[in-house]
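Q: Here you go, one structure.
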Amino acid sequence: QVQLVESGGGLVQAGGSLRLSCTAFRTILRINAMGWYRQAPGKQRELVATINGAEGSTNYADSVKGRFTISRDNVKNTWNLQMNSLKPEDTGVYYCNTPRGSYSWGQGTQVTVSS
């Protein structure tokens, strides 16, 4: 069973940056598409960024477009989310998973942006 492990979260002031990482363990298969989700306090989990296909095409939620960048390392089966110009509304627990949520959810990594 694939295990997803997220890391890199923390506390940062508004306008700051963080870089999140996601590693997939226990798989010998190439995972073609991956996404980053976030769940703000009291809200549903939302998909904020995806990367897929051999060409690495990306998509972003409007709320993070221009500030977040998703990338991947196919050899290491890792995915990163570079988050710049962070806002308090970016606060939440960040998870990685496929766009379909194909795997069990990891524990996520907490991102807290103070104003």
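Q: Name the residue from THR58, GLN107, GLN3 whose Cα lies farthest towards the positive end of the charge dipole of the chain, charges +1 on Cβ of Lys and Arg and -1 on Cβ of Asp and Glu.
A: GLN3
Q: Quote the charge dipole size of the chain about the Cα centre in Debye, to the nearest 20; the model charges only the Cβ of Lys and Arg (+1) and of Asp and Glu (-1).
A: Its charge dipole is roughly 140 debye.
Q: Turning to a different aspect of this structure: Once you have the Cα-Cα distance between THR69 and ARG30, take 0.36 nm times their residue separation minus that, and quote the gain in nm to one decimal.
A: Here the segment from THR69 to ARG30 would lengthen by 11.9 nm.
Q: To continue, here is another question. Among the trypsin sites (Lys or Arg not before Pro) in region 8-115, which ones are in a DSSP loop with at most 10 other Cβ atoms within 10 Å of the Cβ? Mind listing them?
A: Hits after loop and neighbour filter: ARG26, ARG30, LYS43, LYS76, ARG100.
Q: What is the distance, in nm, between label points placed 7 Å from the Cα along the Cα-to-Cβ direction at ASP62 and at LYS87?
A: 1.2 nm
Q: On a C-alpha basis, how far is the centre of region 50-97 from the centre of region 14-32 in Å? Whole number, if you could?
A: The distance from the Cα centre of region 50-97 to that of region 14-32 comes to 9 Å.
Q: How large, in Å, is region 13-115 by the Kirkwood hydrodynamic radius built from its alpha-carbon pairs?
A: For region 13-115, inverting the mean 1/r across all distinct Cα pairs yields 13.9 Å.
Q: What part of the accessible area of the chain, given as a whole %, is carbon or sulfur when the probe is 1.4 angstrom?
A: Carbon and sulfur together cover 47 percent of it.
Q: Separate question: Loop only per DSSP, at most 12 neighbouring Cβ atoms within 10 Å: give me the chymotrypsin sites (Phe, Trp or Tyr not before Pro) in region 1-40, ordered by residue number.
A: Within region 1-40, no chymotrypsin sites (Phe, Trp or Tyr not before Pro) qualify (loop, at most 12 other Cβ atoms within 10 Å).
Q: Using the heavy atoms of the protein chains and a 1.4 angstrom probe, tell me the accessible area per residue for the chain in square angstrom.
A: Per-residue accessible area for the chain comes out at 54 Å².
The values are calculated or read from the model by the stated rules, or taken from the named source; none is laboratory data. Keep in mind that what you see is a predicted model, and the values were worked out from it rather than measured. Note that each Cβ is placed from the backbone with ideal geometry, even for glycine, and that neighbours are counted across all protein chains shown. When the accessible area is computed, the model is the full protein with side chains, heavy atoms only, and any ligands, DNA or RNA have been set aside. Shrake-Rupley method; radii C 1.70, N 1.55, O 1.52, S 1.80 Å.
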